[in-house]
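Trainee: The following block contains the structure, expressed as structure tokens.
The values are calculated or read from the model by the stated rules, or taken from the named source; none is laboratory data. Quantities reported herein were computed from a predicted structural model and do not represent experimental measurements. Counting neighbours? That spans all protein chains shown, and the Cβs are built from the backbone with ideal geometry, glycine included.
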Amino acid sequence: MDALLIVDFQNDFTPGGALPVPEGDKIAEPLNRLLDDFDLVVATRDWHPPDHGSFQGVDVDENAWRGTDPPSIWPVHCVQGTPGAQLHPKLDRAKIDVVVDKGQDPNTQGYSAFQDSGLGDLLRERGIERLYVGGLATDYCVKNSVLDARSRGFDVTVIADAIRGVEVEPGDSDRAIEDMKDAGAVFATAAQVDQLRAPGSAL
Ligand SMILES: [Zn+2]
């Protein structure tokens, strides 16, 4: 069984949001194209408490911090219940089967969709073996989610035209793509995936 995993396609990560990913809204079209091709479609949301340690200006207990990056490096974003934390309006919400919230622990960034979210158990219970992954951002939450998925034994196909990066440093997205490939993820475009998987396809 396969599932489509859409990582953090939220208002705050798209142009006009609090932590905009350049062209982040452009992933809507390739993702929507694939929504009918999967029995299970999961969308994650970065879902931070207001005092989350990744936010600039928040006091962080350095001894309690267990993030992969230093604390307080990001603008306030995706605060639970705010408009910025909602899934992007161009994503066809009616075709999302499950929404999984992540990043709720104030003492870690929670980049990976699998971190403290229950996602791994959910996928195993549904018999999922391969994940098709798109979302935001290539160089943070997509990368960490894909690496986690691989280390948990899932096969992973990344939808190459349904990801975009923050690019804090130029080349971060390319490096993230190499890291994902090195971990065994394969890449395909939405059109390629759709051709193989669309209802009625020979395969
Ligand atoms: Zn975040």
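Yes or no, residue by residue, for (1) of a type in the set (Gly, Ala, Ser); (2) surrounded by fewer than 18 Cβ atoms within 10 Å (Cβ to Cβ):
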residue	(1), (2)
Lys95	no, yes
Val98	no, yes
Gln104	no, yes
Asn107	no, yes
Tyr111	no, no
Ser117	yes, no
Ile128	no, no
Gly134	yes, no
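Trainee: Given the criterion in contact with a helix residue (DSSP H, G or I) (Cβ under 6 Å, 6 or more places away or on another chain), part of a helix (DSSP H, G or I) and away from the ligand (no atom under 16 Å from the Cβ), identify the matching residue among Val146, Val156.
Mentor: Matching residue, one of Val146, Val156: Val146.
Trainee: Consider segment 1-36. How many of its residues are touching a His at 6+ places or on another chain (Cβ under 8 Å) and under 13 Å from Gln86 (Cβ atoms)?
Mentor: The number of residues fulfilling the criteria is 8.
Trainee: Next up: Residue pairs, Cβ under 6 Å, 6 or more apart or interchain, first in segment 171-193 and in a strand (DSSP E or B), second crowded, with 16+ Cβ neighbours inside 10 Å and not aliphatic (A, V, I, L, M). List them.
Mentor: Filtered contacts from segment 171-193: Val186/Thr157; Ala188/Thr157.
Trainee: Moving on to the next point. How many of the residues making up segment 74-88 are in a loop (DSSP other than H, G, I, E, B) and surrounded by 13 or more Cβ atoms within 10 Å (Cβ to Cβ)? Talk me through it step by step, then tell me what you get.
Mentor: Our first condition is that a residue be in a loop (DSSP other than H, G, I, E, B); within segment 74-88, this holds for 75-78, 80-82, 86, 88.
Filter once more, keeping what is surrounded by 13 or more Cβ atoms within 10 Å (Cβ to Cβ): 75-78, 80, 82, 86, 88.
Qualifying residue count for the region: 8.
Trainee: From the list Leu19, Leu91, pick out the single residue that is within 11 Å of the ligand (Cβ to nearest atom), assigned to a loop (DSSP other than H, G, I, E, B) and within 15 Å of the chain's Cα centre (by Cα). Quick ask: steps written out before the conclusion?
Mentor: Details: Leu91 fails: within 11 Å of the ligand (Cβ to nearest atom).
The unique qualifying residue is Leu19.
Trainee: Another one. In the set Phe55, Phe13, Phe9, which member is under 22 Å from Val79 (Cβ atoms), buried (at least 19 other Cβ atoms within 10 Å of the Cβ), within 11 Å of the ligand (Cβ to nearest atom) and within 17 Å of the chain's Cα centre (by Cα)?
Mentor: Phe13 is the lone residue from the list that is under 22 Å from Val79 (Cβ atoms), buried (at least 19 other Cβ atoms within 10 Å of the Cβ), within 11 Å of the ligand (Cβ to nearest atom) and within 17 Å of the chain's Cα centre (by Cα).
Trainee: Whether any residue in segment 126-134 is touching a Leu at 6+ places or on another chain (Cβ under 6 Å) and in a loop (DSSP other than H, G, I, E, B) is what I want to check.
Mentor: Taking every residue of segment 126-134 in turn, at least one turns out to be touching a Leu at 6+ places or on another chain (Cβ under 6 Å) and in a loop (DSSP other than H, G, I, E, B).
Trainee: Hey, can you tell me all the residues within segment 76-88 that are closer than 18 Å to Val142 by Cβ and either away from the ligand (no atom under 11 Å from the Cβ) or over 16 Å from the mean Cα position of the chain (by Cα) (or both)? Quick ask: steps written out before the conclusion?
Mentor: Taking segment 76-88 and keeping what is closer than 18 Å to Val142 by Cβ, we get 77-78, 85, 87-88.
Selection gives Leu87, His88.
Trainee: In addition: Under 7 Å between Cβ atoms, which residue pairs at least 6 apart in sequence (or on different chains) link something in segment 53-64 that is of a type in the set (Val, Ile, Thr) with a partner that is modelled with pLDDT of 90 or more and surrounded by 10 or more Cβ atoms within 10 Å (Cβ to Cβ)?
Mentor: Listed by first residue and then by second, the contacts come to Val58/Asp51; Val58/His52; Val58/Ser72; Val60/Gly53; Val60/Pro71; Val60/Ser72.
Trainee: Now a separate question. So the check is Cβ under 9 Å with 6+ separation or different chains; which pairs have a first residue in segment 98-113 that's free of Cβ contacts under 8 Å to residues at least 12 places away in the same chain and a second one that's near the ligand (Cβ under 8 Å from one of its atoms) and of a type outside the set (A, V, I, L, M)?
Mentor: Note: pairs meeting the criteria are Asp105/His52.
Trainee: In the set Gly110, Gly67, which member is in contact with a His (Cβ under 9 Å, 6 or more places away or on another chain), part of a loop (DSSP other than H, G, I, E, B) and within 11 Å of the ligand (Cβ to nearest atom)?
Mentor: Answer to the selection: Gly110.
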